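This is the structure, below, for whatever I ask next.
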């Protein structure tokens, strides 16, 4: 194999050009303010990313806890006696008692309304 010689620079020589800038202090101030805003934005982004990662970790823990609760609930249901008959009877009794209370309440309200109407009629006659 033939040895290769030193590499020749393929880049064009850069020429430096100077430009006069009006109000260089104002331009420098704007550049520095932009740099500060960029740094603050980067800081907020990093904070957001950290919070996002923490949220993901907490959510994973929540899923684990919820799965554990579900397993424990299913286990508890297996060990409890079945009492469907008792529940149905209790519900029917509750519905009947609620309906009776509503009827009594309606009659009571109707009486009160009638009393108020009669008092109002008496006042108009006076």
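So for 79, 117, fewest C-beta neighbours within 10 Å to most, what's the order?
Sorted ascending by nearby Cβ count, the order is 79, 117.
Based on the Cβ-Cβ distance from residue 72 to residue 40, what FRET efficiency comes out when R0 is 41 Å, to the nearest 0.05?
0.30
Rounded to two decimals, what ratio of Rg to Rh does the stretch 23-80 give with C-alpha atoms and a Kirkwood Rh?
1.61
Readers should treat all values here as calculations from the given coordinates under stated rules, not as data from a laboratory. Keep in mind it's a predicted model, so treat the numbers as computed, not measured. Every residue, glycine as well, gets a Cβ built from its backbone with ideal geometry; the counts of neighbours run over all protein chains shown.
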